[in-house]
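Worksheet: one structure, shown below.
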Amino acid sequence: MRCAFLRARGGERMKVFVYVVHVSGAWSAQMTIAPEVDRLFWMEEGLAEAVRLVDSRYGGMRNKDKARNEAVEMRLKGERAEEGWLWEEALPLGDAIRSVELWECGAGSGVSRSSTGAGSGGGPLASLAACVEQARREAGAPMQGPGPQAAGDVSLRARRWARAAADAGGSSPGTARAAARAREALAAAAQQAAAAMQGRALLRSEAHALLEGAAADMGGALQLAQLLGWLRLAGAVAAEHGRRRRECRCRRCGSGEAHMHRTPCAACGRMCAYCSACLTMGRSRECELLVLGMPAQPLEAGSIPADLSKWRLSPAQAAATESALQFIEAPTMPYQPHQNKEFLLWAVTGAGKTEMIFPLVESVLSRGGRALIATPRRDVVIELDPRIRRAFPQARVVTLYGGSEQRWEAGDITLATTHQLMRFHQAFDLVIIDELDAFPYHGDPILHYAADKSRAPHAPKLLLSATPPTELQRRVKSGQLPHARVPVRYHRHPLPVPALLRTPSVAKLLQTRKIPRALLAALNHSLNRGAQLFIFVQRISQVEPMAKLLSALLKQSAVEGTSSQDPDRADKVSRFRKSDIRVLVTTTILERGVTIPRSDVYILDADGRLFDEASLVQMAGRAGRSGDDPNGFVYFCGRERTGAQAAAVSQIRGMNRIARKRGYLLPEEQANSWRWSKLFKRSN
């Protein structure tokens, strides 16, 4: 379907024109931004010539697009639009799309499309008029009649054009040269727009921001790129194929009718549906245009590098990375489902997942592809940026998050929050989703849809997690999901196994202003050995009172509390990293992303409903991460032992067992020697 937009006079009311055209002995309905359809189609062959000229003069688009360009030229040479009828009333985008759909399925028309008649009694124009009126009725818009003069003849509401008349008209040499220059300029602008839009999915305003200054007639450039098959133009919200008119779906985030809201729209002057699910990314609505760039081309199959030593990976890291490389470099099978191109890298907390993805990104870049590293959290994206730039100094790195300055740049490596993926369409040759079990990615089908939509049809998706969701674990056990486990940290010491301390609830502790003797002794032991303490509680309201209680009972002034509602959270975390704070009371907001070299973990109310297996494992993973202190202490504090606690301990012990069985752990005598050498260095 050919479609585009037109900025109407006096405002932003986006309208499009529909028309029927007679090509190769048959009539078809289309849409266009330009009412001068005769000129547009008369220029088709000249436009193909201009595209060839731009290719030779400026190097054209990427070499891999040459075959597509040749196919476009052949298509244009084979199509000669002989005549057509333009419906002169500009329609809202949703009505225009529906009119074309009705034409294609034959609704509202009782005449032969092979007829060339145009009167009210039959012919393609009468069919088009019926489709337009039915689309307007379905949308609930008031009918705009043709007026007294046009009541009996729909041809008065349309304009006919014919190639034969244009052929007979001729033109002067000066006019021909001017037209040729205009065609070349428009073709160059279309080519530039298509290259910039490749792999993107942008609303009209976003596409204009990306292409600002590329052409005076940006609408015409986009329309031409659409005609040449270099990008697609569609409604941002549209009825699903074969569904009733009122059952819409957002083509940007994939949300269905449950997230559609209809309000009087100032842009199109009718009741217009918009998507509330992705509203924070800009209003996707029924009368808005969505510009979809062409997908990335398949990469050539690669080979595994013979030496991974340049990345200084541990044995466990190297084994998992090699398995992932074999997966992403395998030849793509035709019609392979997207789900079959997923690989899970199940690595314990502190295993060094970032270092393991470096060889995978290098493999894609070496074959001319683009890689995406996405994570649900903005602070992780910002933290990854300098590490990626150091690892790949020659690559173009783009970092995308809310407020990012690189919003419209294209890069070899893209770091992004998962929400930013809605603006991409089949763009990346490798998609890496880090911390897939974290909020808000976990459990949000819109973000999963965006991640799948952002990868090219041939591209693999690599999933990184220390605590995969239950569904992924089930697929691993059943053999449906290829995976590799990294059951040990880079320093090759076992994960600290949590111990259970029987304690009253936090509410009771705050009420009595007392802490059980066993818990107080453990806290003092941690402080005496020089550790910093994570104290996790379930509720934000308990953070500050618990911090004050611990400061009094431990006789420590360097005790603070923080949560998601704390405006000074970033400053307190920074001071905690610098050891200015010895004890930090917090919620699960810090269960990820904070590494303290010497730390112990205390999880209060570990038997509460808000702490599931994944969160317990993540919080326990704050201890023992550093090579200087691999044997930190973890305590589950609560009134009883729960299934979540048992599952978390079982998972940690299971990883230690796998690591020991595969020989990844240091031998006992070597570990003891290593430990004594560290103690000796500290004593000196």
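The values are calculated or read from the model by the stated rules, or taken from the named source; none is laboratory data. From a predicted model like this one, the values you see are computed outputs, not experimental measurements. The accessibility values were calculated without ligands, DNA or RNA, using every heavy atom of the protein model including side chains. Shrake-Rupley method; radii C 1.70, N 1.55, O 1.52, S 1.80 Å.
Give the ranking of 423, 662, 517, 390 by solvent-accessible surface, highest area first, calculated with a 1.4 Å probe.
Putting 423, 662, 517, 390 in descending order of accessible area: 517, 390, 662, 423.
Tell me, what is the 1.4 Å probe accessible area of residue 272, in Å² to the nearest 10?
0 Å²
Quick one: check the C-alpha center-to-center distance for the range 570-617 versus the range 620-638, whole angstrom.
Going from one Cα centre to the other spans 11 Å.
With 27 Å as the limit, write out which pairs from 353/548; 353/578; 508/555; 353/555 have Cα-Cα distances beyond it, or answer none.
With Cα atoms farther than 27 Å apart: 353/548; 353/555.
Give the accessible area for residue 392 in Å² (nearest 10); use a 1.4 Å probe, count only protein heavy atoms, and leave out ligands, DNA and RNA.
Result for residue 392: roughly 20 Å² accessible.
Which value, in Å² rounded to 10, gives the accessible area of residue 449 with a 1.4 Å probe and all protein chains present?
Counting only protein heavy atoms, residue 449 exposes about 90 Å² to solvent.
Going by a ≥ b ≥ c, the root eigenvalues of the Cα gyration tensor, does the range 600-662 fall in the rounded group (a/c under 1.5), the prolate group (a/b larger than b/c) or the oblate group?
Oblate.
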